[in-house]
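One structure is given here, and the rest of the page talks about it.
The values are calculated or read from the model by the stated rules, or taken from the named source; none is laboratory data. Note that the structure is a prediction, hence the values are computed from the model and not measured. Cβ sites come from the backbone with ideal geometry, for glycine too, and all protein chains shown count toward neighbours. Surface areas here come from the heavy atoms of the whole protein model, side chains and all, with no ligands, DNA or RNA. Shrake-Rupley method; radii C 1.70, N 1.55, O 1.52, S 1.80 Å.
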Amino acid sequence: MPTLSHWINGQTVTASTDTRLGDITNPATGVVSGQVALGSKATVESAITAAAEAFPAWRDTSLAKRTSVLFAFRELLNARKQELAEIITAEHGKVVSDALGEVARGQEVVEFACGIAAHLKGGHTQNASTNVDVHSLRQPLGVAAIISPFNFPAMVPMWFFPVAIAAGNTVVLKPSEKDPTAANWIAELWKEAGLPDGVFNVVHGDKEAVDTLLTSPEVASVSFVGSTPIAKYVYENGTAAGKRVQALGGAKNHMLVLPDADLDLAADAAVNAGYGAAGERCMAISVVVAVDSIADELVARIAERTRTLRIGDGRGEPDMGPLVTAAHRDKVSGYIDAGVEAGAKLVLDGREHDHTDGFFLNPTLFDEVTTDMSIYTDEIFGPVLAVVRVPGYDEGLDLINANPYGNGTAIFTNDGGAARRYENEVEVGMVGVNVPIPVPVGHYSFGGWKNSLFGDTHAYGEEGVHFFTRGKVVTSRWLDPSHGGLNLGFPTND
């Protein structure tokens, strides 16, 4: 059985200190296809050292050279995206078309990073004081650690490493051990694009690897995406060690549907956003907040569409694939049990399916859900959609703003005034108007509010540039050769 090793300093590294292995499983069949080495502290430290040693030369590499490597990577990725998508499907389970979409959204950030020179420009003031000039510049931090989740093994790392590398940093990526192969594939692509050895490294592992990255004095920043408890852990421990940290946490994304909405559009959106990638998206819609007067009709239309979905191996042509592991499938199934026990109306039961292999659950739809039920309060991260009924806009807004998460939300309406008011009043970081999954394009920035983000800086876009660089201001005076004499007085800036 093949074993996936680390990528350190431009080559595959098998470390003698890595005594533990994790299984790589195809979620559609349940068959173990390989194993991954779980990095020891010593292995992770060797990757950090490689990145630290590569940093000075990469920092001092011209912007022209850096961006040429970015452009080459972009072209290679575009030419071979099908290959990467198939790797994602084999280990995560999402359908190939969805995996291709993941790669395309990550590619947006690569393309943004290709224009990094425009975002690193400083300012200059001539004669700020007599014969004194002032200018500002932005410089890279050093070694940037990236800890990414299983649900987007290509896109989420690409939220961070293109900007980090383009700005002159070096990277150590720790992907999820559940679907790790995409990270090594990307590392090899970087080498083919001409990236110097040591600038992009991949270490596999679990908590031991994460803790090593969080405490290493050579790591300058940490970018994380995952559950809220782990995001909080990463933020607290990383900042305690003096690092710059952006830790994106969990979500409970609501979609408010007003009476004037196009109900066909809203129903399509609820199904697409609720069940895509088997609900394993931090931007998935997991709660539909329906105004009472249209709730019955909306639930009926959602149920009608959900019944048509084809569930199966993502390498074929289904609409939805399996969940990532058996343990996660069982956890999601347990939430369905809890919803029934709590008294929610089970419209569609995803536990009822005919799959004998793999980690499948069919889409589940609950109606008449209340905010004290675990299917509402918890991030389930599976194909479970809950409908909560409210009397009107105000009650819906209050319900959404009371939720401890603030990642993404959407409103479906044909009333421009209501939409504009919602944009202003909702306490959520990313808002869609008749758009169910409002993931920003690459030149904006991704991130939520409240318990969905720890740290001040969102991912990619202009905020990403600021995260991976720090400002410096230089004040200079070049004296005229005729200048002379002493003056012990305090400078008056005149």
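Could you do me a favour and compute the accessible area per residue for the range 99-208, 1.4 Å probe, result in Å²?
Details: 3140 Å² over 110 residues.
Here the residues of the range 99-208 average 29 Å² of exposed surface.
Just the accessible area for S40, please: 1.4 Å probe, Å², rounded to the nearest 10?
10
Go ahead and estimate [θ] at 222 nm for the chain from helices alone: -39,500 (n - 2.57) per DSSP H run with n ≥ 4, summed, over the residue count, rounded to 500. Don't skip to the answer; put the middle values down first.
Numbers: 16 runs with 194 residues, N = 494.
Calculated mean residue ellipticity at 222 nm is -12000 deg cm²/dmol.
Using alpha-carbon positions, what is the distance between the centroids of the range 285-307 and the range 63-113, in Å?
Between the Cα centre of the range 285-307 and that of the range 63-113, the gap is 35 Å.
Sequence neighbours fewer than 8 away in the same chain don't count; with that in mind, list the lysines whose C-alpha is under 24 Å from K121.
Qualifying lysines at Cα under 24 Å: K65, K472.
Would you mind calculating the gained length between E83 and T475 on full extension (0.36 nm times residue separation, minus the Cα-Cα distance), in nm to one decimal? The partial results should precede the final answer.
Working: separation 392, 0.36 × 392 = 141.12 nm, distance 5.10 nm.
Full extension of this stretch gives 136.0 nm more.
Multiplying the sequence separation of K207 and D398 by 0.36 nm and subtracting their Cα-Cα distance, what value in nm do you get?
Working: separation 191, 0.36 × 191 = 68.76 nm, distance 3.78 nm.
Extra length available between K207 and D398 comes to 65.0 nm.
Tilt of helix 393-402 relative to the longest C-alpha principal axis of the chain, in degrees (0 to 90, nearest 10)?
Taking the Cα atoms of the chain, the angle to 393-402 is about 60 degrees.
Let me check against my output: what whole-number percent is the relative contact order of the chain, with C-alpha pairs under 8 Å and at least 6 apart?
Details: 1141 pairs, mean separation 90.9, N = 494.
Normalised by residue count, the contact order of the chain is 18 percent.
Over 20 Å, how big is the tail of the calculated P(r) for the range 32-100, in percent of all Cα pairs?
60
Using a probe radius of 1.4 Å on heavy atoms only, what accessible surface per residue do you get for the range 214-275? Whole Å² is fine. It would help to have the intermediate numbers written out before the result.
Values: 2060 Å² over 62 residues.
Heavy-atom accessible area per residue stands at 33 Å².
Largest first, what is the accessible-area ranking of F160, F359 with a 1.4 Å probe? Intermediate values should be presented prior to the final figure.
On the way: F160 0, F359 25 Å².
Sorted descending by solvent-accessible area, the residues read F359, F160.
Which length gain, in nm to one decimal place, applies between K65 and T29 when the Cα-Cα distance is subtracted from 0.36 nm times their residue separation?
So the chain would gain 8.5 nm between K65 and T29.
So in the range 92-217, what percent of DSSP beta bridges are antiparallel if you round to the nearest 5? All intermediate terms of the calculation are to be shown ahead of the outcome.
Numbers: 3 of 11 bridges.
Antiparallel bridges: around 25 percent, rounded to the nearest 5.
Considering only C-alpha atoms, what is the centroid distance from the range 405-467 to the range 349-385, in Å?
25
Carbon and sulfur atoms: what percent of the 1.4 Å accessible area of the chain do they account for?
Looking at the chain in its full context, I get 50 percent from C and S.
If you take every DSSP beta bridge fully contained in the chain, what fraction is antiparallel? Give it as a percent rounded to 5.
Numbers: 31 of 73 bridges.
Around 40 percent of the beta bridges assigned by DSSP in the chain are antiparallel ones.
Within the range 34-48, find all residues whose amide N lies under 14 Å from a label point positioned 7 Å from the Cα of T17 along Cα-to-beta-carbon.
Within reach of a label on T17, which here means backbone N under 14 Å from a point 7 Å along Cα→Cβ, the range 34-48 contributes 38-48.
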